[in-house]
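What follows is a single structure, written as structure tokens, with notes after it.
The values are calculated or read from the model by the stated rules, or taken from the named source; none is laboratory data. Note that this is a predicted model, so its numbers are computed, not measured. Every residue, glycine as well, gets a Cβ built from its backbone with ideal geometry; the counts of neighbours run over all protein chains shown. Just the protein is used for accessible areas: all its heavy atoms, side chains included, with ligands, DNA and RNA removed. Shrake-Rupley method; radii C 1.70, N 1.55, O 1.52, S 1.80 Å.
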Amino acid sequence: MTVIAVIDLGSNSVRMTVSRYHHDGSYEVLARFQEMVRLSTGMGPDKVLQPEAVARTLTALNKFKQALKVYDNDKVEIHAVATAAVRQASNQAEFLIAFKKEMGFELNVLTGEEEAHFDFVGVINTFPINDALILDTGGASSELILVRNKQAVHAVSLPVGAVNISESYLEKDHISAGALFSAIVALRQLFGDISWLRESINMPLIALGGSNRTLAKISRKKEKIQGMAVHGYHLNVGEVALIYQNILKKDLEERKKMPGLAKERGDIIVGGLLPLVELLLFTEGQQVIFSQSGLREGILFEQIATNTGHNVVSPEPAAMTIDTEDL
């Protein structure tokens with residue numbers, strides 16, 4: 001048995017999943033951790049990680065480091081990766097030095113293609129799908145993967161996410177029609193430049209990322225659904241539109257009080273959901289399926305396959321979960 005910790009340093013949050021896997025390919029999740037750090041806040045056109053954001057992030061990472069001490073008696077593999085904020089940062093080298101000094105091990109900066117690959121591996125091992133379009137909306141990037149016959153045939157990483165869409169186009173409190181229109185135009189131009197995206201017409205959309213999963217959480221609260229996981233939850237395009245319309249009507253304080261919407265996302269949720277909403281319109285999609293399995297799970301699954309020679313076996317229920325929202 002081996003314990004593996006996967007740390008995902010994103011643009012909006014830093015997350016860690018700790019799992020134990022066995023020689024037959026089976027595994028169970030031991031713990032999940034999340035801290036909202038907004039690492040990409042204020043990067044601006046020069047793409048500079050700001051001192052305050054770096055300090056918040058290192059403080060959160062130190063908490064993860066302390067949590068891992070529980071497993072000192074086990075063989076622990078640690079895989080730490082960073083995505084768009086660090087990938088785009090002009091002061092990336094300085095941040096990587098600070099990370100290693102704080103944590104004692106290296107941080108691997110993923111390319112957009114690598115991020116999309118691990119998203120695909122996380123999804124394809126947990127959903128019985130043949131054809132679909134996968135969307136992972138993060139804080140500073142969005143990954144799109146076209147799946148046909150269970151294979152990833154196209155993938156792209158776009159430099160737009162919940163934080164930078166919100167900072168570049170949208171007001172924090174009342175969202176004006178003009179600001180929203182500017183963001184929509186920018187997204188449609190990006191989607192229009194992806195030649196293969198029209199191949200996904202009418203395909204189901206599998207949505208990853210905290211902003212996207214918020215739709216499922218709001219729906220569950222509204223419908224008073226209990227005991228059903230976000231993973232595998234479905235919404236049709238009409239239900240998505242109604243929820244988004246309701247969010248748009250509210251100011252910041254009202255959004256923070258919405259059941260199912262974490263108050264820490266109140267200022268970025270409009271921008272965070274915009275790629276999904278526009279993608280549904282662009283591809284004439286009719287259904288969204290929400291996934292809790294993505295980048296971290298993809299890394300875990302590949303490590304299990306590499307180290308055991310076995311495909312992943314469905315996990316047992318999590319023994320312990322530590323989080324502020326569904327991870």
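Computed quantities for the displayed model
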{"item": "Sequence-distant residues sharing a close amide H with Ser11 (under 5 Å, placed H)", "result": "Ala84, Ala85, Gly139, Ala140"}
{"item": "Dmax and Rg, reported as Rg then Dmax, of the chain (C-alpha, Å)", "result": "18.9, 57"}
{"item": "Rounded, prolate or oblate (a/c below 1.5 giving rounded, otherwise prolate when a/b exceeds b/c) for the stretch 66-191 by Cα gyration tensor", "result": "oblate"}
{"item": "Share of carbon and sulfur in the accessible heavy-atom surface of the chain [1.4 Å probe, %]", "result": "52"}
{"item": "Heavy-atom surface of the stretch 114-234, accessible at 1.4 Å and reported per residue (Å²)", "result": "44"}
{"item": "Hits among lysines - C-alpha to C-alpha of Lys100 under 27 Å, sequence gap 8 or more where chains match", "result": "Lys47, Lys63, Lys65, Lys69, Lys75"}
{"item": "Whole-angstrom gap from the stretch 1-42 to the stretch 243-285, using each part's C-alpha centre", "result": "26"}
{"item": "5 angstrom amide H check on His231, placed H, neighbours 5+ away", "result": "Gln292"}
{"item": "Straight-distance crosslink candidates among aspartates and glutamates, where the alpha carbon sits under 15 Å from Lys249 and sequence neighbours closer than 8 are dropped", "result": "Glu171, Asp173, Asp267"}
{"item": "Mean separation of Cα contacts under 8 Å (6+ apart) over length of the chain, as relative contact order %", "result": "24"}
{"item": "DSSP-assigned coil residues among GluC sites (Glu not before Pro) in the stretch 51-116, each with at most 12 further Cβ atoms within 10 Å", "result": "Glu106"}
{"item": "Whole-number percent relative contact order across the stretch 1-62, with pairs defined as alpha carbons under 8 Å at least 6 apart", "result": "26"}
{"item": "Vicinal HN-Hα couplings computed from phi for the stretch 126-140 (Karplus, 6.51 cos²θ - 1.76 cosθ + 1.60; Hz; Gly/Pro x)", "result": "10, 10, x, 10, 10, 10, 5, 10, 9, 10, 10, 9, x, x, 10"}
{"item": "Three-way shape call for the stretch 1-73 based on the alpha-carbon gyration tensor, with the a/c threshold at 1.5", "result": "prolate"}
{"item": "Highest-fluctuation residue, Lys172, Lys101, Lys250 considered, GNM on the chain with Cα pairs under 10 Å", "result": "Lys101"}
{"item": "Residue-span extension gain [Lys65 to Glu28] - 0.36 nm each, minus C-alpha spacing", "result": "11.3 nm"}
{"item": "Per-selection Kirkwood Rh - the stretch 146-186 (Cα, Å, 1 d.p.)", "result": "12.3"}
{"item": "Spacing of the two label points (7 Å from each Cα toward its C-beta) at Leu252 and Asn236, in nm", "result": "3.7"}
{"item": "The chain, dipole about Cα centre (Lys/Arg Cβ +1, Asp/Glu Cβ -1), debye to the nearest 20", "result": "680"}
{"item": "Partner lysines for Lys256 [C-alpha distance under 23 Å; skip if fewer than 8 residues away on the same chain]", "result": "Lys172, Lys217, Lys221, Lys222, Lys224"}
